[in-house]
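The values are calculated or read from the model by the stated rules, or taken from the named source; none is laboratory data. The structure presented is a predicted model; accordingly, all values stated were derived computationally and were not measured. Here the Cβ positions follow ideal geometry from the backbone for every residue, glycine too, while neighbour counts run over all protein chains shown. Ligands, DNA and RNA are excluded from the accessible area calculation, which covers all protein heavy atoms including side chains. Shrake-Rupley method; radii C 1.70, N 1.55, O 1.52, S 1.80 Å.
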Amino acid sequence: MTESLVDKNGNIIPNGSLISWNVWDNDDCKMWTFVGIVKDYTQLEGVFHSKLQQVIYLGGGIDFGSAIGTVMDFDEVRDEADNNDPEDAGITVLGKASDVPNVLKKEFGI
């Protein structure tokens, strides 16, 4: 089990957070901004507590949507987020996973 993810300011990112982080693509010489949802069950109590720590990838790269839903471990996200110039490094909390349906409703009128 790794430690919980922390944002650019050093704050622990809560379970269920919607996050973004930058990833440098050496092949295309381009910076991508990835988006994902944090599932950190080490923060939960009782029967909901477990060692599960992962980020569900929601998109942002050149994968054309084919990688959406990919499960990433915290170390992979942390490494990608930190492997950038200082101004582009780190993880940003955008909101909560529960914000995603509202964004989709607003965007697509559903």
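Summary table below
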{"item": "Residue range of the chain that is longest and free of GluC sites (Glu not before Pro) which are both DSSP loop and sparsely packed (at most 16 other C-beta within 10 Å)", "result": "46-110"}
{"item": "Residue of N84, N15, N26 that the Gaussian network model of the chain assigns the largest fluctuation, springs spanning Cα pairs under 10 Å", "result": "N26"}
{"item": "Filter on K8/K105; K8/K96; K8/K106 - keep pairs with C-alpha separation over 24 Å", "result": "K8/K105; K8/K106"}
{"item": "Between the stretch 40-71 and the stretch 1-28, the Cα center-to-center distance that results, in Å", "result": "11 Å"}
{"item": "By accessible area with a 1.4 Å probe, ligands and nucleic acids excluded, highest first: order of F48, F64", "result": "F64, F48"}
{"item": "Efficiency of FRET from Cβ geometry, N102 and D73, R₀ 41 Å, rounded to 0.05", "result": "0.90"}
{"item": "Helical contribution to [θ] at 222 nm, DSSP H n ≥ 4, -39,500 (n - 2.57), averaged over the chain, rounded to 500", "result": "-5000 deg cm²/dmol"}
{"item": "Answer label, with P(r) over Cα pairs in 10 Å bins from 0, in percent calculated from the coordinates and candidates (i) 14, 50, 30, 6, 0; (ii) 12, 31, 28, 18, 8, 2, 0; (iii) 14, 44, 32, 10, 0", "result": "(iii)"}
{"item": "Of K39, K30, K96, the one that fluctuates the most in a GNM where the chain has Cα springs shorter than 10 Å", "result": "K30"}
{"item": "Label-point separation in nm, L94 to T33, each point 7 Å along Cα→Cβ", "result": "0.8 nm"}
{"item": "Difference of contour (0.36 nm per residue) and Cα-Cα distance, S4 to F64", "result": "18.7 nm"}
{"item": "Full-stretch length increase - E87, I12 - with 0.36 nm per residue and alpha-carbon distance subtracted", "result": "25.0 nm"}
